[in-house]
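Heads up: the structure comes next, in structure tokens.
The values are calculated or read from the model by the stated rules, or taken from the named source; none is laboratory data. Remember, it's a predicted structure, so these values are computed and weren't measured experimentally. Every residue, glycine among them, receives a Cβ derived from its backbone with ideal geometry; neighbour counts consider all protein chains shown. Only protein heavy atoms, including side chains, enter the accessible area calculation; ligands, DNA and RNA are left aside. Shrake-Rupley method; radii C 1.70, N 1.55, O 1.52, S 1.80 Å.
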Amino acid sequence: YSAKRDKTHFTVYTHQDDLERRQQLRLAQDLPDAVKNNQLVLNYQPIVRISDQQVIGVEALVRWQHPKQGLIFPDSFIPLAEGSGSIDALTEWVLEQTIIQGSSWLAQGTRLSVSVNISALILHNPAFPDMVAKKLEKTGFPAGLLKLEITESAIISDVSRATEIVTRLHEMGVRLSIDDFGTGYTSLAYLRKLPFDEIKIDKSFVLNMTQVADDEVIVRTLLDLAKSLGLSVVAEGVEDARTWKVLEALDCDVAQGYFMSRPIDLEAFNSWIITQPWKDELK
Ligand code: C2E
Ligand code: MG
Ligand code: MG
Ligand code: MG
């Protein structure tokens, strides 16, 4: 144990910690204006049915084009939005944009489901289902093409309230999906009780499943579980053709990942869906 080394560590750590905290505080303060001033940007990542290679949907993923700090990814600001009360406005903005975009694709003859990520905190807001209903009514977008992805940990924090809200959304015809499945603490009993349609197997299990036998076992087991409960399954984090083929052999329904496409902006997505270069690699 060296006092000198400890002191050095202490100084360096405090300095960085402080800087980081101040930066986070500033970001949190900037967030409400980010929504108002159109600094949020949506990227779209395709979701593909494995059996016939059809693109059946997109997931909307938010980014923040910060005027000083450049492009910021959601893992760095969603927690801040949750902590500072901006998450409701942010979610409403994402929903609005996504439903409008989904309607526009539909009007052009491209039928895609649109997936929106919903923070845990939203499931404590009893006004949320009505807000969604209004947006669907305004555009005429079919509820069945809207999918809400809820991260597992959301469900346990207030089960009865969350159950009410999830049930309302389900009755409206909105599809419900559990995101990052396998990483949280969802009791399997909730899976049966709550009206979910789908689970998304977390990418940490999928990324290396062709090399790591245990990961493949986990994916296979989650597929079995979902089938038994009548849920459909999306595998996240499909990065290569080999993983696609293994998932196909395991009878997984749907895939999402860099192999097909990274999340990309609207313009890039609209041309990707025409050319779909990923299919060449399956031949
Ligand atoms: P998520 O919903 O699980 O989204 C998937 C994340 O995995 C995305 O990261 C995506 O870019 C990444 N990904 C997709 N395919 C692959 C792959 O093949 N390999 C690897 N390594 N990664 C892949 P992103 O866009 O940084 O988003 C991170 C998380 O931020 C999302 O995880 C979601 O929980 C949250 N998020 C994004 N947009 C929103 C939003 O509008 N509202 C809320 N509440 N959360 C959001
Ligand atoms: Mg998601
Ligand atoms: Mg997530
Ligand atoms: Mg995920």
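Do we find that residue 257 is surrounded by fewer than 19 Cβ atoms within 10 Å (Cβ to Cβ), within 16 Å of ligand 1 (Cβ to nearest atom), within 20 Å of the chain's Cα centre (by Cα) and not in a strand (DSSP E or B) in this structure? No.
Scanning the stretch 163-188 for residues that are surrounded by fewer than 19 Cβ atoms within 10 Å (Cβ to Cβ) and either more than 14 Å from ligand 2 (Cβ to nearest atom) or farther than 13 Å from residue 236 by Cβ (or both) gives 163, 164, 167, 168, 170, 171, 172, 173, 184, 185, 187, 188. Beta carbons closer than 6 Å, at least 6 apart along the sequence or on distinct chains, pair a first residue in the stretch 50-71 that is in contact (Cβ under 8 Å) with a residue 40 or more places away in the chain with a second that is within 16 Å of ligand 3 (Cβ to nearest atom) and in a loop (DSSP other than H, G, I, E, B) for 61/263.
Out of curiosity, is residue 235 among the small types (Gly, Ala, Ser), within 16 Å of ligand 3 (Cβ to nearest atom), free of Cβ contacts under 8 Å to residues at least 40 places away in the same chain and within 24 Å of residue 145 (Cβ to Cβ)? So residue 235 passes the test. Scanning the stretch 119-135 for residues that are open to solvent by 20 Å² or more (accessible area, probe 1.4 Å) and among the polar types (S, T, N, Q) turns up just one, 125. The residues on offer are 103, 160, and the sole one that is part of a helix (DSSP H, G or I) and open to solvent by 60 Å² or more (accessible area, probe 1.4 Å) is 160. Suppose the filter is open to solvent by 20 Å² or more (accessible area, probe 1.4 Å) and within 16 Å of ligand 2 (Cβ to nearest atom); does residue 87 pass it? No: the conditions fail for residue 87. Restricting the stretch 189-222 to residues that are assigned to a loop (DSSP other than H, G, I, E, B) and away from ligand 2 (no atom under 16 Å from the Cβ), the residue that is most open to solvent (accessible area, probe 1.4 Å) is 211.
Looking only at the stretch 223-238, count every residue that is more than 17 Å from the chain's Cα centre (by Cα) and either crowded, with 22+ Cβ neighbours inside 10 Å or not in a helix (DSSP H, G or I) (or both) and tell me the total. Quick ask: steps written out before the conclusion?
Filtering the stretch 223-238 down to residues more than 17 Å from the chain's Cα centre (by Cα) leaves 223-231.
This time we only want the ones that are either crowded, with 22+ Cβ neighbours inside 10 Å or not in a helix (DSSP H, G or I) (or both), so: 226, 230-231.
Looking only at that region, the number is 3.
Yes or no, residue by residue, for (1) away from ligand 4 (no atom under 16 Å from the Cβ); (2) part of a loop (DSSP other than H, G, I, E, B); (3) at pLDDT below 90; (4) aliphatic (A, V, I, L, M):
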| position | (1), (2), (3), (4) |
| --- | --- |
| 75 | no, no, no, no |
| 88 | yes, no, no, no |
| 96 | yes, no, no, no |
| 137 | yes, no, no, no |
| 167 | yes, no, no, no |
| 183 | no, yes, yes, no |
